[in-house]
There are 2 protein chains.
Amino acid sequence: MTQNAPNPKIRHALTVKRADDFAQWYQHVVSEGEMAEESGVRGCMVIKPWGYGIWERIQKLMDARIKEAGVDNCYFPLFIPLSYFSKEADHVEGFAKEMAVVTHHRLIGDGKGGLIPDPEAKLEEPLIVRPTSETVIGAAMSRWVQSWRDLPLMVNQWANVVRWEMRTRMFLRTSEFLWQEGHTAHADRNDAMTETLRALEMYREFAENVLAMPVVAGEKPENERFPGAVATYSIEAMMQDGKALQAGTSHYLGTGFAEAAGIRYQSKEGAQELAHTTSWGVSTRMIGGVIMTHGDDDGLRVPPAIAPHQIIILPMLREDDGDEALLAYCEEIRRELAKLSALGESVRVLLDKRAGKATQKRWAWVKKGAPIILEIGGRDAAGGMVSAVRRDRLWKDDGKVNFVGQTRDAFIAAAVSELESVQSSLHAEATQRRDANITTGITSLDALATFFAEDQRYPGWVELNWSRPTGAALEKVVEQLKALKLTIRNTALNAAPAEGQCPFTGEPAVERIYVARAY
Amino acid sequence: MTQNAPNPKIRHALTVKRADDFAQWYQHVVSEGEMAEESGVRGCMVIKPWGYGIWERIQKLMDARIKEAGVDNCYFPLFIPLSYFSKEADHVEGFAKEMAVVTHHRLIGDGKGGLIPDPEAKLEEPLIVRPTSETVIGAAMSRWVQSWRDLPLMVNQWANVVRWEMRTRMFLRTSEFLWQEGHTAHADRNDAMTETLRALEMYREFAENVLAMPVVAGEKPENERFPGAVATYSIEAMMQDGKALQAGTSHYLGTGFAEAAGIRYQSKEGAQELAHTTSWGVSTRMIGGVIMTHGDDDGLRVPPAIAPHQIIILPMLREDDGDEALLAYCEEIRRELAKLSALGESVRVLLDKRAGKATQKRWAWVKKGAPIILEIGGRDAAGGMVSAVRRDRLWKDDGKVNFVGQTRDAFIAAAVSELESVQSSLHAEATQRRDANITTGITSLDALATFFAEDQRYPGWVELNWSRPTGAALEKVVEQLKALKLTIRNTALNAAPAEGQCPFTGEPAVERIYVARAY
């Protein structure tokens, strides 16, 4: 992956650089940006205010899109009886079994000062902490759907889910995570596919416009389908280490789930028909994607659309008589900025009055990735001035922080366009990098192996033409790729027609796929 | 409790009346209003779109108040290691032990086509599904608090919690419920008490202004304190059956929790000090309170501030050529109404275009308690008219639905004040009923027993003057009241000075308490 040559004059805020150790850099950004931390509970994280604030922004803007599509929010139980999964296990081969199992409902003293699960309070049927809610929502839909008039039935929930993970990584893979899961039932395949693709397009548009994260929306290969799905679609984003991150999925489930749950309706003609169902979700994983798309060697860079605070005002307090006038001046600017509207919402501005040195506070906000930081001293206040720096243009070539002095009026007048420019610049930078790191023209498995074996640290993605093998032939391809630590990401919906031969089967290619290392 | 004489001409929408069987009436409102239903999972409910929409409104308006107070939202793990509770059990007598215990992290086949917890995947230490997050948040605070500069530390989370309940009731008492829990740490008692009372006042103001539900904010007696708390405060609302509902609590926890969790800070003077902590929460239980405060024999009545849709437009579709013009007319009205602002927010108006008879749809919205319903037919559209009914003025004396015909312009011009009038009328009605059903002047235990033994179905509350006994003396009072199925609710913060003798101890009274049956 192409990297800009480092400027030796710049002393970056983080001690680990992306180019040196991307995985460790990621951990530093998460902790130095005060996004999240280990909780002391295996595989579960504490999401701190700045990280949770970003999630709240994502929730708010995604929820508006979900509601706009006519989907109703509901809430379904955290626990799912074990028997529901037995049903699913029957008809789903790839059934994942790593789940948290509740077996008791009471604690008692162990006689040694400790507590143990009360043997008298063992549940007759164990309960599973939901890893996803298909089964319990399917059961509800079977009650709610009677006639064609009840369709489409479209519900969504914002919830925590648990999948027992052996190796966890904050935001990217945690045992408990937060997500939304949409579940819909339709009269026929056509309606259900339209909804599946609507949700996919909603995620694509959201990733591009809100997260400033370019993605490829496309169909996953057969082997990567959600167990039981007829078709699975994803949005895939390229991280700065060239790996792919699946940032959202949408599934057309056919009638299999409706059959298992008994979601049947009477058609206009009076016949009993099975519904066609879909499900789609995004999670706190998106935040990991934002970090690895936009972060730099000074920490996080948060796109203004999801920044809890877009503009930080840092008064350079001196703990003397001048502070009062300085704070009044800052408060006036805050008020003016808060009246403005950027990216379709009121500007979110924070006057950070906490005790502490302004430069320390500045670096904390740099590492958190606040889009614009203002520093204002007593002399600025007297002269009607401010100093402003954009997080995406942090450094001057001489290694100094790129603060631009200007009148407060000039800053306020330009604030909206500056915020919108940060948003579009982050998107443009990420798109350029993504496009520059997709390699085409590889036509053999050997060439593919050579490409990924080469001593380039972050090789990016390869676009291959293939024959879309299925069954055993596909399994062989998957094994061949696995040996190279590669996976098939998806086939872009808007891909150009295929060309040439499939490097795996030698047959004529029928579509293009992205092959990459992945999170 | 005083009840209006029923009007025999009115045929109410529900088959069960409040006066006949309040508990069954409650269940009917919940199911007929499509608020929630049994999930098939013991003690857990499915919250349906209308019920969840009300919760989303509560969340939005409460969250704004929490943020306004400078409290940061975070997210903490669902699971809490068993050992955290052992610590708490040590120093807390009233430690509740009914909790969901996770003991395994994998399922395997049982060889007979079913699934069982994998014996190989037994957790070394069981995990508890959080019943509340004091312990895990305390552990985080002990990491985050170092010096006086870190205080106050104020966090909140919106989360699901689980308390294993034997007898459940939708919204009022469910094994899983949704809530917010605020947790704060302060340098001294004074700051912590101020925060405890701020949260209480926030809840009181919210209940009155948003839920239109009058409450008494006050201190709980010693025996009703949160285990380990130094002082517990509550808001108490009177339901239409005269029972009390505790609708929110705020606790001053002293330094006990800080000691158990190790929340220590270095003071300005350099000494190591224990922090003083608080916690406060409200839950989906509030929705049960809204139902039992405002519901009537036609179903729910939702205060406009928390109604997902405030105005419903029902076109009387005839499935003929006239429908298009009728829908265009309705859409125009919808657009005009949506531009308005009532109770500080944009008016939420729904044009209900679904198939089905308008009268059926009307009664569905009546039972859901939408504040204002418009019915518009083809002739109305041609003449620029609408028919409107307020949910709080549903019937005419002659037993007809109280639809008022008027020009669309007149309706639109008055819509904001009508919505605000529904909000204030519901509050006034509930306040009047509450005040009329608090009995004073009872000065002996015998008189109290007689009062609650009398054949009045819904006796309301009794305000007693008492001597605030503690310890064993209090326990005796609690037992005496329990024999009458009564509990002490709280001592109002703004109560008048006490008078006379304590009916329990014979000593001079020092404060006034409310005594009532309770949920």
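Read the figures in this text as sums done on the coordinates, not as results from a lab. Fair warning: this is a prediction, and the values are worked out from it, not measured in the lab. Glycine gets a Cβ as well: all are built from the backbone with ideal geometry, and neighbour counts include every protein chain shown.
Relative to the other identical copies, B:Val404 shows label-point distances of 5.7 nm, where the label point lies 7 Å from Cα along the Cβ direction and values run shortest first.
List the relative contact order of chain B as a percent without decimals, with contacts defined as Cα pairs under 8 Å and 6+ residues apart.
On the way: 1025 pairs, mean separation 77.9, N = 519.
It comes to 15 percent, rounded to a whole number.
Local charge sum around B:Val404 (other residues, Cβ-Cβ under 12 Å, Lys/Arg +1, Asp/Glu -1)? Every neighbour counted, the sum reads +2. Our coupling estimate for the stretch B:302-308, obtained by passing each phi through the Karplus curve with A = 6.51, B = -1.76, C = 1.60 and θ = phi - 60°, is 9, x, x, 4, 10, 6, x Hz, Gly and Pro reported as x. Mind scanning A:Lys396/B:Lys268; A:Lys17/A:Lys361; A:Lys48/B:Lys122; A:Lys60/B:Lys357 and naming the pairs with a C-alpha gap bigger than 28 Å? With Cα atoms farther than 28 Å apart: A:Lys396/B:Lys268; A:Lys48/B:Lys122; A:Lys60/B:Lys357.
Starting with the fewest neighbours, write out B:Arg457, B:Arg57, B:Arg468 ranked by other beta-carbon atoms found within 10 Å of each beta-carbon.
B:Arg457, B:Arg468, B:Arg57
The same position A:Asp188 in the other copies lies at 7.6 nm from this copy, comparing label points 7 Å beyond Cα toward the beta-carbon, shortest first.
Each other copy places its own label point for B:Lys97 at 3.3 nm from this one, sorted shortest first, where the point lies 7 Å along the Cα-to-beta carbon line. Positive contributions from Lys and Arg (+1) and negative ones from Asp and Glu (-1), summed over other residues with Cβ under 13 Å from the Cβ of B:Gln266, come out at 0.
Computed from the mean reciprocal separation of all distinct C-alpha pairs, what Kirkwood hydrodynamic radius does the protein assembly as shown have, in Å?
Radius from the Kirkwood sum: 31.7 Å.
Of the trypsin sites (Lys or Arg not before Pro) found in the stretch A:148-224, those that fall in a DSSP loop while having at most 10 other beta-carbon atoms within 10 Å are A:Arg167.
Of all beta bridges that DSSP places with both ends in chain A, some 85 percent have antiparallel geometry.
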